[in-house]
Amino acid sequence: MAPGTEEEVRRGVLYLIGARGTGKSTVGRALAARLGWSFADADEHLEAAAGTTIADIFQRQGEAAFRELEAAALAELSERERHVIATGGGVVLREANHDRLAKGFVVWLQATPEDAFARMQSDPTTAGRRPNLTSTGGVEELRSIMAAREPFYRALADYALDTTDRTPADAAEAIVSAWARTL
């Protein structure tokens, strides 16, 4: 996939997709700083708009309601210019979101399930904000979710980057280089 129209490229919207723990928020902040742009975390945006955590939304309203809120957050954030947007890991599950993502440069961040889980464990906010999405939880849940979503990530990505052994600054530099080659 190539970047969108010249106008969309000038607007500059870079989307980070991928499973939990692959570094979307951390790399996104580093990438935005590297570009001198703004950063938005779609999950944080959704929680602020809803006034509660994602875990609470899942518990009280269910996954379908959460996916509606996730799509609304993406729609709102997609209108911004010169932004790096860290999407929720499941944003790729809705076809309606695919058109929005296609209007920017989409980077698929990858990591091993073990590395992603270790990152999640080291983040003190993850447990309280993120529900398990399967009955297994942990590394097995990540392995299952990554495998199920991989075709979507692959189809939508303009560039894929394994973050397993990269610092956020190194990942940001690799993304800037990849994006620059498309301009």
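Values quoted throughout were computed directly from the atomic coordinates according to the rules given, and no laboratory measurement underlies them. Just so it is clear, the structure is predicted and the values come from calculations on it, not from any experiment. Please note: Cβ atoms are built from the backbone with ideal geometry, for glycine as well, and neighbour counts cover all protein chains shown.
Considering the alpha-carbon set of the chain alone, what are its Rg and its Dmax in angstrom?
In Å, with Rg to one decimal and Dmax whole: 15.3, 45.
Give me the angle, in degrees from 0 to 90, between the Cα long axis of helix 138-156 and the longest principal axis of the Cα atoms of the chain, rounded to the nearest 10.
The angle comes out at about 30 degrees.
So, how do all the Cα-to-Cα distances of the stretch 33-91 break down into 5 Å bins, in percent, from 0 on up?
Whole-percent P(r) values from 0 Å outward: 4, 19, 30, 22, 12, 7, 4, 1.
Can you give me the long-range amide H partners of Tyr159? Hydrogens built in the peptide plane at 1.01 Å from N, cutoff under 5 Å, separation of 5 or more residues or another chain.
Val106, Trp108
Round to the nearest 0.05 the FRET efficiency obtained for Leu183 and Gln59 when R0 = 30 Å and r is the Cβ-Cβ distance. Don't skip to the answer; put the middle values down first.
Details: r = 44 Å, r/R0 = 1.46.
Efficiency for this residue pair is about 0.10.
Fewest first, what order do Thr167, Thr53 take by the number of other Cβ atoms within 10 Å? Intermediate results must be reported in sequence, preceding the final value.
On the way: Thr167 13, Thr53 17.
So the residues, fewest neighbours to most, are Thr167, Thr53.
Mind checking the angle between helix 113-122 and the chain's longest principal axis? C-alpha axes, 0 to 90 degrees, to the nearest 10.
So the helix axis and the longest Cα principal axis differ by about 80 degrees.
What does the charge dipole of the stretch 6-180 about its Cα centre add up to, to the nearest 20 debye, if the Cβ of each Lys and Arg holds +1 and the Cβ of each Asp and Glu holds -1? Can you show the working numbers first?
Details: 20 positive and 27 negative charges, 20 e Å.
With only Lys, Arg, Asp and Glu charged at Cβ, the dipole is about 100 debye.
Between 0 and 90 degrees, rounded to the nearest ten: what's the tilt of helix 168-180 against the longest Cα principal axis of the chain?
50
When Ser25, Ser144, Ser177 are ordered from fewest to most other Cβ atoms inside 10 Å of their Cβ, what list results? Intermediate values should be presented prior to the final figure.
Numbers: Ser25 17, Ser144 14, Ser177 10.
Neighbour counts put them in this order, fewest first: Ser177, Ser144, Ser25.
Place +1 on the Cβ of every Lys and Arg and -1 on the Cβ of every Asp and Glu in the chain, take the dipole about the Cα centre, and give the residue among Thr164, Leu31, Gly88 whose Cα lies farthest towards its positive end.
Ranked along the dipole, the leading option is Leu31.
Quick one: which residues, 5+ away or cross-chain, put their amide H under 5 Å from the amide H of Thr164? H built at 1.01 Å from N.
Amide H neighbours of Thr164: Thr112.
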